[in-house]
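Visitor: Pasting in a structure now, in structure tokens, and then I'll have a few things to ask.
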Amino acid sequence: MKKYPAVFLDRDGTLIEEVGYLDRLDRLKLFPDSARAVRLINMSGMKAVVATNQSGIARGYFTEAVVEMLHVHLQKLLLAQGAQIDRFYYCPHHPTEGLGLYRKVCPCRKPEPGMLRQAAEEMNLDLSRSYLIGDMPTDIEAASRAGIKSVLVRGGCLPGHTPDLPHEEWEGRAWPDRIAASLLDAVRWIIQDLEP
Ligand SMILES: [Mg+2]
Ligand SMILES: [Zn+2]
């Protein structure tokens with residue numbers, strides 16, 4: 001069976017604005033170049049897969065139904081611009097916060113690579129030709145643990161690049177293969193890197 005390369009996209013701070021525990025439709029804002037970037041992925045034949053940590057569920061800030069509704073809305077915004085996400089994955093857990101079944105050490109919360117591995121399994125993806133784009137050290141680390149290349153965008157820049165993130169957050173973490181100025185830049189680089 002044919003296997004597909006994929007671009008895994010972090011959601012908050014990468015595809016849409018980081019607002020801190022997104023819980024309402026009216027707070028969901030795509031970055032200006034997000035639809036164009038996703039459309040490029042769609043046209044390249046790669047799968048576009050969102051993988052997002054949503055510990056707000058474990059913390060009791062919102063429910064899984066809210067996250068799923070937000071993803072339907074996000075998809076609608078993208079479709080209106082001719083782009084689409086092939087599948088959304090989220091981790092609702094947290095190792096120490098919250099109550100009940102959601103409070104656990106799980107294999108899906110980034111920097112663990114569980115969501116990427118699950119997607120590879122369910123979507124018949126070729127991880128050896130896949131990439132991840134994210135804005136945090138934990139995104140880049142998850143990619144590294146899954147054995148895929150990664151691109152860092154925006155806020156989570158490396159020490160020496162911008163002061164956005166404390167250097168300690170990079171300690172012991174994998175570094176990205178590329179730092180991009182925007183999501184669109186990141187996707188353009190990936191497409192070139194995949195088919196030089
Ligand atoms: Mg993020
Ligand atoms: Zn999880």
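Visitor: I need the shape label for the chain. Rule: rounded when a/c is under 1.5, else prolate if a/b > b/c, else oblate, with a, b, c from the alpha carbon gyration tensor. Walk me through the intermediate numbers first.
Guide: Numbers: a/c = 1.30, a/b = 1.16, b/c = 1.12.
Note, shape of the chain comes out rounded.
Visitor: Which of the lysines could be linked to K29 by a straight reach, that is with a Cα gap under 17 Å, when you skip same-chain ones fewer than 8 residues away?
Guide: K76
Visitor: Please label the shape of region 6-52 as rounded, prolate or oblate, based on the square roots a ≥ b ≥ c of the eigenvalues of the alpha-carbon gyration tensor (a/c under 1.5 means rounded; beyond that, a/b larger than b/c means prolate, else oblate). Intermediate results must be reported in sequence, preceding the final value.
Guide: Details: a/c = 2.95, a/b = 1.88, b/c = 1.57.
The shape class here is prolate.
Visitor: I've got another one for you. Tell me, what HN-Hα J-couplings in whole Hz come from the Karplus equation 6.51 cos²θ - 1.76 cosθ + 1.60 at θ = phi - 60° for each residue of region 108-123, using x for Gly and Pro?
Guide: 3J(HN,Hα) across region 108-123, in whole Hz: 9, 6, 4, x, 6, x, x, 5, 5, 5, 4, 4, 4, 5, 6, 10.
Visitor: Straight distance only, please: which aspartates and glutamates reach the Cα of K104 with their own Cα at less than 18 Å, same-chain residues fewer than 8 apart left out?
Guide: K104 reaches E64, E112.
Visitor: In a GNM of the chain with a 10 Å cut-off on Cα contacts, which of L184, L127, L99 has the highest mean-square fluctuation?
Guide: Residue with maximal mean-square fluctuation among L184, L127, L99: L99.
Visitor: A further question follows. What are the lysines whose alpha-carbon lies under 25 Å from the alpha-carbon of K149, with same-chain residues fewer than 8 places away excluded?
Guide: Cross-link targets: K2, K3, K47, K110.
Visitor: Would you mind computing, in nm to one decimal, how far apart the modelled labels at L101 and Q192 are, each placed 7 Å from Cα along Cα→Cβ?
Guide: So the two model labels end up 4.7 nm from each other.
Visitor: Report the extension gain between H73 and E121 in nm, rounded to one decimal, defined as 0.36 nm multiplied by the number of residues separating them, less their alpha carbon distance. Each step should come with its number before you reach the end.
Guide: Numbers: separation 48, 0.36 × 48 = 17.28 nm, distance 2.59 nm.
Contour length minus the Cα-Cα distance gives 14.7 nm.
Visitor: Between S150 and residues 5 or more places away or on another chain, which pairs have amide H atoms under 5 Å apart, with H built 1.01 Å from N, and which residues are they?
Guide: For S150, whose amide H was placed from the backbone, the distant partners under 5 Å are L132, D177, R178.
Visitor: Taking square-rooted eigenvalues a ≥ b ≥ c of the alpha carbon gyration tensor, is region 44-145 rounded, prolate or oblate, where a/c under 1.5 means rounded and, failing that, a/b exceeding b/c means prolate? If you can, show how the numbers build up before the last one.
Guide: Numbers: a/c = 2.15, a/b = 1.24, b/c = 1.74.
Note, shape of region 44-145 comes out oblate.
Visitor: Just from its helices, what would the mean residue ellipticity at 222 nm be for the chain, if runs of 4 or more DSSP H residues each count -39500 (n - 2.57) and the sum is divided by every residue, rounded to the nearest 500 deg cm²/dmol? Provide the component values of the computation, followed by the final result.
Guide: Details: 5 runs with 59 residues, N = 196.
Helices in the chain give a 222 nm mean residue ellipticity of -9500 deg cm²/dmol.
Visitor: Around A174, which amide H atoms from residues at least 5 apart in sequence, or from another chain, sit under 5 Å from its own amide H, with H modelled in the peptide plane?
Guide: Amide H neighbours of A174: E141.
None of the figures in this text is laboratory data; all of them are computed from the coordinates on show. What you see is a predicted model, and the numbers here were worked out from it, not measured in a lab. Here Cβ is always computed from backbone atoms with ideal geometry, including for glycine, and neighbour counts include all displayed protein chains.
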